[in-house]
1. Can you name every residue in the stretch 184-230 that is within 16 Å of the ligand (Cβ to nearest atom), of a type in the set (A, V, I, L, M, F, W, C) and in a loop (DSSP other than H, G, I, E, B)?
2. When you scan the stretch 109-128, do you find a residue that is buried (at least 19 other Cβ atoms within 10 Å of the Cβ), assigned to a loop (DSSP other than H, G, I, E, B) and over 12 Å from the mean Cα position of the chain (by Cα), even just one?
3. Does residue 160 fit the bill of being more than 16 Å from the ligand (Cβ to nearest atom), at pLDDT below 95 and more than 15 Å from residue 214 (Cα to Cα)?
4. Residues to consider are 148, 168, 155, 142; find the one that is within 15 Å of the ligand (Cβ to nearest atom) and among the hydrophobic types (A, V, I, L, M, F, W, C).
5. Please verify whether residue 173 is outside any loop (DSSP other than H, G, I, E, B), touching a helix residue (DSSP H, G or I) at 6+ places or on another chain (Cβ under 9 Å), within 16 Å of the ligand (Cβ to nearest atom) and farther than 21 Å from residue 33 by Cα, treating the condition exactly as stated.
6. I'd like the residue in the stretch 84-98 that is under 18 Å from the mean Cα position of the chain (by Cα) and under 14 Å from residue 203 (Cβ atoms) and, out of all such residues, is nearest to the ligand (Cβ to nearest atom).
7. For the stretch 136-181, which positions are touching a Ser or Thr at 6+ places or on another chain (Cβ under 8 Å) and farther than 24 Å from residue 118 by Cα?
Amino acid sequence: MIVCIKQVPDTTDVKIDPEKGTLIREGVPSIVNPFDKNAVEAALKIREEKGGKVTVITMGPPQAVDALRECLAMGADDAILLSDRAFASSDTWATSYTLAMGIKKVGNPDIIFCGKQAIDGDTAQVGPGIAEHLGLPQVTYVQKIKEVKEDGMIVERSIEGGYEVVSVGMPVMIAVDKSINEPRFPTMMGTMKAHKKEIPTWGLAELGADEDKLGMNGSPTRVKRIFAPERKGQGEMIQGDDESEVCALLIEKLRDKKVV
Ligand SMILES: Cc1cc2nc3c(=O)[nH]c(=O)nc-3n(C[C@H](O)[C@H](O)[C@H](O)COP(=O)(O)OP(=O)(O)OC[C@H]3O[C@@H](n4cnc5c(N)ncnc54)[C@H](O)[C@@H]3O)c2cc1C
């Protein structure tokens, strides 16, 4: 199993530089994208039940190695960093191509796990992009792994108002939702082991990738404008002694606004 993890700023309150139109990352500590910890946990659980190996992979700057070490401390067997100047300015398509090339080099995994989305970029496109580049089936928003068989798995994926049960063959890309599990904490022993573990860095040369498909060259997305939407109005808490008083006040307000 290969788990794609992303190092993200430790905040969902992403600030944007209004002049440059870029994300302000300075002064914000980095963490492993929370959904990706759920993905690591899902892979570790399968390893515990069925055996196998869990490799974590990320594309990012050299400091993303810290995020990989955290996943090793959780129990992952190996970690790979994809880092090269040629990967800079990648949009989600180029990012998923680079990760797909890294995954190919690791070997032929049965399952590629991703998080549902990254809390900074938030597009939820990279997992499906990887599946597309590798020509694999994909199941997104997975909230439960019901069964893992020799050649496939049965999972639940959440949809509006319910869930679907999906039977899918392997190899497959699975993007997991937060509700799938509670990620374990790294152990002291795991942290010590992770500290010593050698983490290879692969760049353009190691991946043997097509340079035209990487970084800026391989990114068809053009960002026209990036901005934080203005808050239109404040929410209001309606206070009262009991439910009926609060409800009466709410209905009065809705009538005033001609909503009811
Ligand atoms: C034109 C353009 C230029 C950009 N330039 C830069 C740049 O110079 N530097 C920069 O940092 N970002 C840049 N970005 C943002 C970058 O493309 C996205 O951060 C990246 O593609 C991931 O998308 P996302 O955050 O929406 O992840 P999502 O698609 O929401 O992530 C879903 C899942 O995919 C996996 N995943 C996502 N990203 C990675 C990763 N890097 N490694 C491993 N797994 C991953 C994780 O499992 C994650 O949970 C640029 C974007 C555009 C559109």
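The values are calculated or read from the model by the stated rules, or taken from the named source; none is laboratory data. None of these values were measured; they are calculated from a predicted model. As a convention, Cβ positions derive from the backbone with ideal geometry for all residues, glycine included, and neighbour counts pool all protein chains shown.
1. Within the stretch 184-230, 199, 209, 214, 216, 223, 226, 227 meet the criteria.
2. Yes, the stretch 109-128 contains at least one residue that is buried (at least 19 other Cβ atoms within 10 Å of the Cβ), assigned to a loop (DSSP other than H, G, I, E, B) and over 12 Å from the mean Cα position of the chain (by Cα).
3. Spelling it out, residue 160 is indeed more than 16 Å from the ligand (Cβ to nearest atom), at pLDDT below 95 and more than 15 Å from residue 214 (Cα to Cα).
4. It is 142.
5. When the stated conditions are applied, residue 173 does not pass them.
6. Taking the candidates together, the pick is 90.
7. 152, 153, 154
Every residue, every condition in (1) in contact with a strand residue (DSSP E or B) (Cβ under 8 Å, 6 or more places away or on another chain); (2) surrounded by 15 or more Cβ atoms within 10 Å (Cβ to Cβ), yes or no:
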{"site": "153", "(1), (2)": "yes, yes"}
{"site": "165", "(1), (2)": "yes, no"}
{"site": "170", "(1), (2)": "yes, yes"}
{"site": "177", "(1), (2)": "yes, yes"}
{"site": "190", "(1), (2)": "no, yes"}
